[in-house]
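Engineer: A single structure is presented below for examination.
FYI, it's all coordinate maths here, none of it is from the lab. All values derive from a computational prediction rather than experimental measurement. When we count neighbours, we look across all protein chains shown, and the Cβ atoms used for this are built from the backbone with ideal geometry, even at glycine.
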Amino acid sequence: MNLMSIYIGGTLTILMALAHTRFYKMFKWHKDFARITELNSSIFYSIHVALYLLFFALGLITLFYAEELSHSTGLAEGVNVFLAFFWLWRFIWQVIYFRKDGKMVISLPGIAFLIAFFLLFLSYFIPLINQ
């Protein structure tokens with residue numbers, strides 16, 4: 001179960017990276033970036049590119065080192081703790097921060113991301129509690 005959980009986490013992390021590569025077009029960022037300074041536009045875009053490159057790297061590391069991560073000892077335990085609680089924070093952040101007029105914005109992509117964030121949390125948390 002632990003190994004399968006880690007493989008699911010790695011796969012979902014890579015899928016999250018792929019989804020982020022579509023944000024520029026999906027959310028029409030070119031319109032928003034046109035309204036701010038070129039420097040700020042470059043900074044925001046660079047941060048976003050760095051984020052999805054990090055997700056690709058973490059997903060690949062997870063898949064390549066799935067066996068070690070599934071045992072959740074030593075450094076693998078630290079990686080699992082970090083990733084589990086990062087994705088739990090991201091899940092909570094989605095619920096709290098993405099609101100309009102005090103209500104959660106309900107959309108198909110938003111719900112898909114919520115589910116993905118929670119599954120990512122579980123996939124890295126299961127090896128921690130199932131040692």
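Engineer: If amide hydrogens are placed 1.01 Å from N in the peptide plane, which non-local residues have theirs closer than 5 Å to the one on MET104?
Structural biologist: Correct list: empty.
Engineer: Further, regarding this structure: Quick one: what are the phi-derived ³J(HN,Hα) couplings along the range 89-97, Karplus 6.51/-1.76/1.60 with θ = phi - 60°, whole Hz, x for glycine and proline?
Structural biologist: Once θ is set to phi - 60°, the couplings for the range 89-97 become 4, 5, 4, 4, 4, 4, 5, 7, 8 Hz.
Engineer: About the Cα centre of the range 2-129, what is the dipole size in debye to 20, counting +1 per Lys and Arg Cβ and -1 per Asp and Glu Cβ, all else neutral?
Structural biologist: Computed charge dipole of the range 2-129: roughly 700 debye.
Engineer: Gain in length, SER46 to VAL95, computed as 0.36 nm per residue apart minus the alpha-carbon separation, to one decimal in nm?
Structural biologist: Result for the pair: 15.1 nm of gain on full extension.
Engineer: What ³J(HN,Hα) values, in whole Hz, does the Karplus curve 6.51 cos²θ - 1.76 cosθ + 1.60 give for the range 32-47 when θ = phi - 60°, with x put for Gly and Pro?
Structural biologist: In residue order, the calculated couplings are 5, 5, 5, 8, 10, 5, 4, 4, 5, 4, 5, 5, 4, 5, 4, 4 Hz.
Engineer: With everything on Cα atoms, drop me the angle between helix 2-21 and the longest principal axis of the chain, reported from 0 to 90° to the nearest 10.
Structural biologist: 10 degrees
Engineer: Taking the Cβ of ASP32 as the center, what net charge do the other residues with Cβ under 14 Å away carry, scoring Lys and Arg +1 and Asp and Glu -1?
Structural biologist: +3
Engineer: Using only Cα atoms, find the angle between the long axis of helix 108-129 and the longest principal axis of the chain, and express it within 0 to 90 degrees, rounded to the nearest 10.
Structural biologist: 30 degrees
Engineer: Mean residue ellipticity at 222 nm from the helices of the chain, using -39,500 (n - 2.57) per DSSP H segment of n ≥ 4 over the full residue count, to the nearest 500 deg cm²/dmol?
Structural biologist: It comes out at -27000 deg cm²/dmol, rounded to the nearest 500.
Engineer: Something else now. Loop only per DSSP, at most 15 neighbouring Cβ atoms within 10 Å: give me the chymotrypsin sites (Phe, Trp or Tyr not before Pro) in the range 1-90, ordered by residue number.
Structural biologist: Passing sites in the range 1-90 are PHE27, TYR65.
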